[in-house]
Amino acid sequence: MYSEAYSVAIMGIDGCIVRAEADVSDGLPGFSLVGYLAGEVREAKERVWIALKNSGFKFLPKKITVNLSPADIRKGGTSYDLSISVAVLSAFGYINPEDVLDCIFIGELSLDGRVKGVSGVLPMVYAAMKEGFKYVILSEDNQSEAEIVKGINVISITRLDEILDVVANKAEFVINRDSLNSLINPSFKNKEDFSDVSGQLIAKRAVEVAVSGMHNILMVGPPGSGKTMLAKRIPGIMPLPDFDEIMEISKIYSVSGLLSDSNPIINTRPFRAPHHTITQTALVGGGRFPKPGEISLANGGVLFLDELPEFTRQSIEVLRQPLEDGFVNVSRLGGSFKYPSRITLVGAMNPCPCGYYPDRKKCSCPQHTVNRYLSKVSRPMLDRIDICTETTLLNYDEINREEAESSEDIRKRVEKAHTIQKERYAKEDFSFNAHLNAKGIKKYCKLTKDAKALIKTIFESGTMSVRAHHKILKVARTVADMDEKDVIDATHVSEAVSYRSVDKKFWNQDFVN
Ligand SMILES: Nc1ncnc2c1ncn2[C@@H]1O[C@H](COP(=O)(O)OP(=O)(O)O)[C@@H](O)[C@H]1O
Ligand SMILES: [Mg+2]
Ligand SMILES: [Zn+2]
């Protein structure tokens, strides 16, 4: 007899329906599992068979063949165990085949018949809902994550022997969820606030400009001047994520196995700060068993590279394409997929090995050592950073000044600037000033006469490349948006130029390659 049961494969961060087809016939007794399987799925055969027997099911000696379809998707992971066993039970007449056609089964089996949780449940259930399935039946371990998805009934089980009762009486087992909506609301974990940061008015302003136009930013300054402190507070001044963003971020965490029962959804913007010893694969993702990297885990938020020159040149270079594209492309045998990587890159570094250059009272690093240190950040990388700012050691007055502005106040201004840009770029395939290309700059960065004259003077002094010119215009566009001005004036330009002067101060073209 032939029967089937459905499950979901993960392609990148999206689910794709997989059908387990079981056929039972007379012939040499045995169990074969086919359909473009990764090693761990081939082993499912043994797991499923033993789990079925240990759950008390008895089978006549028959030839059993299970095929996982479609054939062009390579099936990895252990999440198909439950659907395979349901297909087999159905083929042997334990289950009415009709009962399972509107169900998706997700779960790994242990040898004693327990149903265990898997990663990637959120995109799996989301895909099931989109495809019109009415029920998802999965391990209790994954229940909270599945409940996030509206429009599909969730049923959780703990042991395989419960399955007969569950599929025959689905409606009775559906989990009632009323108290869930609060989880989906965006939140802003108020632990770390901008008001904690004293002084650093210039760096704070630079950070606000960066976030307002989604520009990447680099902070240079001595140890203990608050670079890390500032960086950690950046997600909190970004607009709260909307529902689609929460879903996208959470899907990435789901396939990475980073959601849990107590934390079934990510409703804040991420902050990721990988150590400089991180491998390239861990940074951008991919690998033999593809997983999102840090740049994707930071999607919608901040990727913070602290001590930027300590990162290997290769690892910085592999970030370039994903930074440009907003996604990481992972090529596989049998198809490729994308992990989103729309991030704000925040870099921080000391200007020299001791950290106090150019303060020659404190820094005695030889100039060539300073140069070598700075040159670890390559020109192509610097080109992707629109804003460069300096943090300075606080003086006594600054430490004791009254409380600074809160993250919430800053966020309100940022939201305004974002709204202006989203409206302006409604018909474009980008939404923020940072993503303007040369054509876009021409179209959207209109300058007053004074502003034009200022840029011309700087350009003609020979200290500005074409690239630098573009960066200045993009940042000036952002500063003008923060000022709610349509046309960029000279003050906006000079502020934008100031974010280049730091970069010029440390990296003169001579030694950066
Ligand atoms: N501007 C500041 N306002 C308040 N505290 C600060 C400031 N800068 C530094 N600190 C204190 O010094 C500590 C070290 O700062 P940190 O951000 O790690 O510096 P950096 O990353 O530049 O080396 C912080 O945890 C904080 O307690
Ligand atoms: Mg630091
Ligand atoms: Zn030094």
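Looking across Ala451, Ala434, one residue alone is buried (at least 17 other Cβ atoms within 10 Å of the Cβ) and over 34 Å from the mean Cα position of the chain (by Cα). It is Ala451. Each residue in the stretch 199-227 was checked for being more than 21 Å from Thr478 (Cβ to Cβ), surrounded by 18 or more Cβ atoms within 10 Å (Cβ to Cβ) and within 13 Å of ligand 2 (Cβ to nearest atom), and 5 pass.
The residue of the stretch 345-396 that is most open to solvent (accessible area, probe 1.4 Å), among those that are among the polar types (S, T, N, Q) and assigned to a loop (DSSP other than H, G, I, E, B), is Ser364. Name the residues in the stretch 121-139 that are among the hydroxyl-bearing types (Ser, Thr, Tyr) and part of a strand (DSSP E or B), would you? Selection gives Tyr135, Ser139. Taking the criterion of being within 26 Å of Ser465 (Cα to Cα), more than 16 Å from ligand 1 (Cβ to nearest atom) and surrounded by 15 or more Cβ atoms within 10 Å (Cβ to Cβ), would at least one residue in the stretch 327-339 satisfy it? No, the stretch 327-339 contains no residue that is within 26 Å of Ser465 (Cα to Cα), more than 16 Å from ligand 1 (Cβ to nearest atom) and surrounded by 15 or more Cβ atoms within 10 Å (Cβ to Cβ).
Residues of the stretch 230-245 that are under 17 Å from Gly213 (Cβ atoms) and either aromatic (Phe, Trp, Tyr) or out of contact with any helix residue (DSSP H, G or I) (no Cβ under 7 Å at 6 or more places or on another chain) (or both): Pro235 alone. Regarding the stretch 261-270, can at least one residue be identified that is among the acidic types (Asp, Glu), over 10 Å from the mean Cα position of the chain (by Cα) and not assigned by TED's automatic domain parsing to the domain that holds Leu138? Yes: the stretch 261-270 contains one or more residues that are among the acidic types (Asp, Glu), over 10 Å from the mean Cα position of the chain (by Cα) and not assigned by TED's automatic domain parsing to the domain that holds Leu138. Annotation: Ser90 fulfils all but one of (1) in a helix (DSSP H, G or I); (2) closer than 28 Å to Pro290 by Cα; the unmet one is (2). From the list Pro274, Pro292, the lone residue that is touching a helix residue (DSSP H, G or I) at 6+ places or on another chain (Cβ under 6 Å) and away from ligand 1 (no atom under 16 Å from the Cβ) is Pro292. Checked against the criterion of being within 16 Å of ligand 1 (Cβ to nearest atom), touching a residue at least 60 places away in the same chain (Cβ under 8 Å) and outside any strand (DSSP E or B), the stretch 254-270 contains not a single residue that satisfies it.
Conditions tested, residue by residue: (1) β-branched (Val, Ile, Thr); (2) out of contact with any Cys (no Cβ under 9 Å at 6 or more places or on another chain); (3) part of a helix (DSSP H, G or I).
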| position | (1), (2), (3) |
| --- | --- |
| Ile410 | yes, yes, yes |
| Arg413 | no, yes, yes |
| Ser431 | no, yes, no |
| Lys439 | no, yes, yes |
| Asp450 | no, yes, yes |
| Thr457 | yes, yes, yes |
| Gly462 | no, yes, no |
| Arg467 | no, yes, yes |
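For every residue, the table says whether it meets (1) at pLDDT below 95; (2) among the hydroxyl-bearing types (Ser, Thr, Tyr).
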| residue | (1), (2) |
| --- | --- |
| Ser198 | yes, yes |
| Met219 | no, no |
| Leu240 | yes, no |
| Phe243 | yes, no |
| Asn263 | yes, no |
| Thr268 | yes, yes |
| Ile278 | yes, no |
| Gly286 | yes, no |
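The number of residues in the stretch 313-344 being under 26 Å from Arg233 (Cβ atoms) and part of a loop (DSSP other than H, G, I, E, B) comes to 4. If the condition is being under 42 Å from the mean Cα position of the chain (by Cα), among the charged types (D, E, K, R), in a loop (DSSP other than H, G, I, E, B) and surrounded by 13 or more Cβ atoms within 10 Å (Cβ to Cβ), then the stretch 46-75 contributes only Arg74.
The values are calculated or read from the model by the stated rules, or taken from the named source; none is laboratory data. These numbers were taken from a predicted model, which means no experiment stands behind them. For neighbour counting, all protein chains shown are included, and Cβ atoms are generated from backbone atoms with ideal geometry for every residue, glycine included. All accessible areas refer to the heavy atoms of the entire protein, side chains included, with ligands and DNA or RNA removed. Shrake-Rupley method; radii C 1.70, N 1.55, O 1.52, S 1.80 Å.
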